[in-house]
Each structure stands twice: as C-alpha cells, then as structure tokens.
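First up is the structure itself, then whatever we jot down about it.
Computed from the coordinates by the stated procedures, all read-outs in this text should not be read as laboratory data. Here the structure is a predicted model, which means the values were calculated and not measured. Positions of Cβ are backbone-derived with ideal geometry, glycine not excepted, and every protein chain shown enters the neighbour counts.
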Amino acid sequence: MPLIARRPFLSLAAAAALAPAVARAQAPRVRRTADADVAFPQAGRRDWAAEVPQIRIALLGGENEADRLVRFENYRALLEATFGVPVRVMPASDYAGAVQAFGARQVEVASLGSTAYAAAWMDTNGGVEPLVIPEEADGSIDYRAVMVVRADSGIMDFAGMKGRSLAWADVNSSSGYLVPRVALRRQGVDVATYFSRTGFAGGHEQGVVAVLQKQYDACMTWASGLGDPAEGFSRGNLRAMVQKGMLDMRDIRIVWTSEPIVTGPITVRADLPAAAKEDLKQFYLGLPKAHADIYQQITRGPGTGYREGRQQDFEIFIEMRREEAAARRRRE
C-alpha cells in the first residue's frame, strides 16, 4: 500500500472537474531552489537578532559525533557570518534528543526525519514548523526504507527473513522503524512473531555495522533509491558509509523496500520571529547555488536543492504514530 494520503472523491462530477483548477488558483506558490528568482540572503545582522541572540542547531545521530562536527563546521560558520549571530551545532545522541530539545526550547533548528518531525510536532502541541524539504536529483522529495542483509547470509528475499533477527535504527526514525512497521502490518506481517528477535542498533550507521558483524541478520536503513546501487545510490546512509570506506555494496543485499517516504524537513521552532524564519528559509533555498560545496557537505549526495515545506506533507506521519501507539496498546 502506498504510504501517501488520499482524499475522498467529490460526489459531483462538475465539482470534481472544477476542484483542481480552483486549488491551483488558491494554493500559494511553493518556492524551490531551482526557481530563477531564488537568491541567497545578503549578509548582515538582522533586527530579529535581539529576540534570537543565537541559533542552536541539533545534529541528529546516524554517524559518529566527530564526523558530524567536521562535516557541519563550514555550514555553521556560513550561517553565523550571514546573519551576524552566534551559531552552535549540538550533536544529539539520537532522534529523541533532538525532539526533546525542541520541547525544551534548547534549539532553534534541526534537520528531522519525517517521524521525528511528527514526534516533535505532537510533543510541542504544534510548536515546530517544516521550513524546507530536500529535493533529490530528479526533483522528487522522497526516499525509501530498505531492509539490508549480508550478501553471504543466504537470505535472498523478505520471505527468507522469517525467524531471523532484525535491527531497527531508532524508535523515532521513519525509515529505520515507523514506516516499515506500519507497512509490514498493513501487508499482514506480525512483526512481533515474524522475526526471531528485534532490537535497536542506536542509529542507521550502527545498524549496518551490526549486520556486517553478524550481530543481526538484517537492519532497516534508508536510501534515495536513485542513482547507482553500487555507490549506495545517490543519497542516504548506505552512500555515506560507502564514501567513508565503511561499506562495500557487494557485501550486502536489499531484501525489502518501502513505498516512497516524504523526506523529513529542516525544522524550526514555531515561536521564532516571522522574519527570522523567512531569512532562514532563504538561506537554505539559496544555499545550493551560492555555496554548492557546503550544500554537498551537509546533504551527503547530489540533489537539486530544497523546496518550502508544508505541514500537510507530514500529517500522514502523525497518523502513523497514532496508529503505532494504538497497536502497542492492543499488544499490552
């Protein structure tokens, strides 16, 4: 079942024919990096700096802390130079750490997965907003959850995973936990009985390492699904590990792939001044064209840039979190 929201059909044929034209006329423009009039903001201290004396950015897990700090240093420095306020990057040990930091108003910005965004939105009662969403090389805004096994494991497909062990990435990960659980349940698979055991690896990179070291038979992680599979695709955890020399794609096999998942947004606190949110949005939209090297460092793969995020893009993940909570209560 595709993991996308579907709206009910209108009952009247005339209304159905008219609705698309009306929606297009009423819908606000969604700005994209690819738009000709999108430009990187001019440098200079902003009036909103009095209300936002520093910008704190939560960096999610998935790779070791030292690698994260090195990869994001030029980005941090550019953001600081552009707006004239101190910028701190704050590595979070896991997705929950970033979500909790938003709730405690300890960060202003974080790039969250779609499930983590839904968690933050629910935990803060709508206290976060999606700023921009990364676009893939073909302009799409989605990726895939993939189940990975060792190539020498003898497991050739998902049926071969029955009675085997599976590592989730993180409870607040879309591709590493929530989406595959919901998708498999909707396919009639009882996760609690299908696998011999499941556990949390502590992140995407750690999950693949656990499989390679034979601690688990399989793990869930993410990939764009685009580009050369031998390179780990165009973007995602597999590509990042290949680039760092941690993984040879010939050593693994993908035995299950999800439907497209909307890529999680760069997220901001909803209570920031409107001018600050607009400046930050322009920073990200203009970044790929003005500073392509820094854009590549923080995205770990080719893409066309960003587009404005909308709350409606993530409502389905809020629904899935509620569905998963309800299923957990039934098991208890």
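Highest first, please rank the peptides 261-268, 86-93 by the mean number of other Cβ atoms sitting within 10 Å of their residues.
261-268, 86-93
On full extension of the chain, what length is gained from ALA159 through GLN54, given 0.36 nm per residue of separation minus the C-alpha to C-alpha distance?
Fully extending the segment from ALA159 to GLN54 adds 32.7 nm.
Please state, rounded to one decimal and in Å, the Kirkwood hydrodynamic radius that the stretch 142-261 gives when every pair of distinct Cα atoms enters the mean of 1/r.
Result for the stretch 142-261, one decimal place: 13.9 Å.
By DSSP, what percent of the beta bridges with both residues in the stretch 142-261 are antiparallel, rounded to the nearest 5?
For the stretch 142-261, the DSSP antiparallel bridge percentage is about 70.
What is the antiparallel percent of DSSP beta bridges lying wholly in the chain, to the nearest 5?
Given both bridge residues lie in the chain, the antiparallel proportion sits at roughly 65 percent.
So I have (i) 29, 22, 21; (ii) 33, 25, 19; (iii) 29, 27, 21, and one of them is semi-axes √(5λ) of the Cα gyration tensor in Å calculated from this model. Which one is it?
The value matching this structure is (ii).
Determine the sum of side-chain charges near GLY227: Lys and Arg each +1, Asp and Glu each -1, restricted to other residues whose C-beta is under 15 angstrom from that of GLY227.
Charge balance in the 15 Å sphere: -2.
Please work out how much length the chain gains when fully extended from ALA104 to LEU69, using 0.36 nm per residue of separation minus the C-alpha to C-alpha distance, in nm with one decimal.
10.3 nm
I want the local charge near PRO134. Using Cβ-Cβ distances under 13 Å, sum +1 for each Lys or Arg and -1 for each Asp or Glu among the other residues.
-2
Within the stretch 88-121, whose backbone N sits under 18 Å from a point 7 Å along Cα→Cβ of VAL171?
The answer is 92-104, 113-121.
In the stretch 212-292, which trypsin sites (Lys or Arg not before Pro) are in a loop and have at most 11 other Cβ atoms within 10 Å, using DSSP for the loop call?
Listed in order of number, the matching sites are LYS214.
Which lysines, on any chain, are close to LYS281 with Cα under 19 Å apart, when same-chain ones fewer than 8 places away are left out?
Cα-Cα hits under 19 Å: LYS289.
When only DSSP loop residues count, what trypsin sites (Lys or Arg not before Pro) in the stretch 122-180 have their Cβ near at most 12 other Cβ atoms within 10 Å?
Within the stretch 122-180, the qualifying trypsin sites (Lys or Arg not before Pro) (loop, at most 12 other Cβ atoms within 10 Å) are LYS162.
Hey, with R₀ at 22 Å, roughly what FRET efficiency would GLN296 and ALA34 work out to, going by the Cβ-Cβ distance, to 0.05?
Computed FRET efficiency for GLN296 and ALA34 comes out at 0.85.
Place a point 7 Å from the Cα of TYR194 along the Cα-to-Cβ direction; which residues of the stretch 316-331 have their backbone N under 20 Å from it?
Hits in the stretch 316-331 for TYR194 at 20 Å: 317, 320-331.
Put +1 on the Cβ of each Lys and Arg and -1 on the Cβ of each Asp and Glu in the chain; which of GLY264, MET320, MET90 then has its Cα farthest toward the positive end of the dipole?
MET320
In deg cm²/dmol and to the nearest 500, what is the mean residue ellipticity at 222 nm of the chain if only DSSP H runs of at least 4 residues count, each as -39500 (n - 2.57), divided by the residue total?
-11000 deg cm²/dmol
Quick check for me: using +1 on Lys/Arg Cβ and -1 on Asp/Glu Cβ, what's the dipole size of the chain about its Cα centre, in debye to the nearest 20?
660 debye
Suppose the chain between ARG88 and ARG330 were pulled fully straight at 0.36 nm per residue; how much longer would it get relative to their current alpha carbon spacing?
Length difference between fully extended and current span is 82.9 nm.
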